[in-house]
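Contents: one structure, followed by commentary.
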Amino acid sequence: MYSQDATNDPKWVWRAVDCEVELLFPARGVREIHGAKFQLIRLSGGGASVRVGGMRTIPDFFYLRFNDDEETSGCYVVGRSVDTIHCQFFHEKTASEVDRIITEGEFISVLGSLSGTNGGQKQQESLPFEILQLFKKLY
């Protein structure tokens, strides 16, 4: 099987995202699991793009955990740039799974900004309206 850049695959609709995702990968064989949180910037049914900054030690195979879910998604790297990795999922996600991940991620981000855990940024005046819109999406 050849490797291709998943971001250029016309099979999937790529959506811009701005939420946290956790990368999990084994270390010391399989004795330890290392995890780190990064910024998810693009998502599709076939893969994701994650901003990892300058971290160069992320292996070619790892797991993604979205929105503190208990489930993880197995992934493999199909491309790397200066601060981003592009990965493909072992098992494709349905459109409804992608929608759920994005909606929950937005909801968690808004709740974080309400609780003051948004990195010290000023809270926006329109937050109650944003929460109402996200609540309508979820239910």
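The values are calculated or read from the model by the stated rules, or taken from the named source; none is laboratory data. Just so you know, these numbers come straight off a predicted model, no measurement behind them. Reconstructed Cβ throughout: ideal geometry from the backbone, glycine too, with neighbour counts over all protein chains shown.
What to note about this one:
- Qualifying residue in segment 89-98 (condition: part of a strand (DSSP E or B) and of a type in the set (Gly, Ala, Ser)): no
- The residue that is nearest to Thr103 (Cα to Cα), among those in segment 54-86 that are surrounded by 14 or more Cβ atoms within 10 Å (Cβ to Cβ) and among the polar types (S, T, N, Q), is Asn67.
- Checked against the criterion of being of a type outside the set (Lys, Arg), under 23 Å from Thr103 (Cβ atoms), out of contact with any helix residue (DSSP H, G or I) (no Cβ under 9 Å at 6 or more places or on another chain) and modelled with pLDDT under 85, the candidates Ala6, Ala27 yield just one match: Ala6.
- Qualifying residue in segment 40-50 (condition: in a loop (DSSP other than H, G, I, E, B) and without any contact (Cβ under 8 Å) to a residue 24 or more places away in the chain): no
- The C-beta contact set for segment 65-91 (first residue of a type in the set (D, E, K, R), second residue part of a loop (DSSP other than H, G, I, E, B), distance under 8 angstrom, 6+ apart or interchain) comprises Arg65/Glu71; Arg65/Thr72; Asp83/Val52; Asp83/Gly53; Asp83/Gly54.
Each row is one residue, and each column tells you yes or no for (1) of a type in the set (S, T, N, Q); (2) within 19 Å of Glu104 (Cβ to Cβ); (3) assigned to a strand (DSSP E or B).
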{"position": "Gly54", "(1), (2), (3)": "no, no, no"}
{"position": "Tyr63", "(1), (2), (3)": "no, yes, yes"}
{"position": "Asp68", "(1), (2), (3)": "no, yes, no"}
{"position": "Gly79", "(1), (2), (3)": "no, no, yes"}
{"position": "His86", "(1), (2), (3)": "no, no, yes"}
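- Any chance Ile85 is on the phi < 0 side of the Ramachandran plot, outside the structural domain of Lys11 (by TED's automatic domain parsing) and in contact with a strand residue (DSSP E or B) (Cβ under 9 Å, 6 or more places away or on another chain): no
- Among residues of segment 16-50, those that are farther than 17 Å from Asn67 by Cβ and among the aliphatic types (A, V, I, L, M), counted: 3
Residue-wise test of (1) over 19 Å from Glu20 (Cα atoms); (2) at pLDDT below 85; (3) surrounded by 11 or more Cβ atoms within 10 Å (Cβ to Cβ).
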site	(1), (2), (3)
Leu40	no, no, yes
Gly46	no, no, yes
Gly119	no, yes, no
Glu125	yes, yes, no
Phe129	yes, yes, no
Leu134	no, yes, yes
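- Just so you know, in segment 48-64 the residues that are in contact with a Leu (Cβ under 8 Å, 6 or more places away or on another chain) and of a type in the set (Ser, Thr, Tyr) include one that is modelled with the lowest pLDDT, and it is Tyr63.
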